[in-house]
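Notes follow the structure.
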Amino acid sequence: MLMAHPAVLARLVEEYEMVSRTGAGGRQEPRRQRLEDVVYTLCVSTGTRDIDAALASARERMAAAWRLDAEGAGAAA
């Protein structure tokens, strides 16, 4: 399975959180469609089938990448 880059996952999670907490307004259809698009992309990017699993997987992968970066930075110092 292809693995999305942690930066891509971070951007998708951030966008999901932003779109999902945006309040109701006069233009619900574009917001709903964008939310569906982001949910779909997160699920495909993480190999999951629902948003809760996708978010958990994305956050786990991002944390693992940050740990590797921190370890690499510590070894270089």
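The values are calculated or read from the model by the stated rules, or taken from the named source; none is laboratory data. Given the structure is predicted, the values throughout are model-derived calculations rather than measurements. Glycine gets a Cβ as well: all are built from the backbone with ideal geometry, and neighbour counts include every protein chain shown. Ligands, DNA and RNA are excluded from the accessible area calculation, which covers all protein heavy atoms including side chains. Shrake-Rupley method; radii C 1.70, N 1.55, O 1.52, S 1.80 Å.
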Seminar exercise, completed: Between the modelled labels at ARG31 and LEU2 (7 Å from Cα along Cα→Cβ) the distance in nm is 3.2 nm
Seminar exercise, completed: Per principal axis, largest first, the Cα atoms of the chain extend in Å by 53, 26, 16
Problem set entry | Under the Karplus curve 6.51 cos²θ - 1.76 cosθ + 1.60, θ = phi - 60°, whole-Hz ³J(HN,Hα) for the range 54-67, x wherever Gly or Pro sits | 5, 5, 4, 5, 4, 5, 5, 5, 5, 4, 5, 5, 5, 4
Exercise. For the chain, what is the accessible area per residue in Å² when the probe is 1.4 Å?
Worked result: 70 Å²
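Report in % the part of the accessible area of the chain that belongs to carbon and sulfur, leaving out ligands and nucleic acids; probe 1.4 Å.
On the way: 3140 of 5400 Å².
Result for the chain: 58 percent of the exposed heavy-atom area is carbon or sulfur.
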Problem set entry | Phi-based couplings in Hz for the range 31-40 (Karplus 6.51, -1.76, 1.60; Gly and Pro marked x) | 5, 5, 5, 5, 4, 4, 5, 5, 4, 4
Exercise. Any idea how far apart ARG21 and ARG49 come out in nm if each label point goes 7 Å out from Cα toward Cβ?
Worked result: 3.0 nm
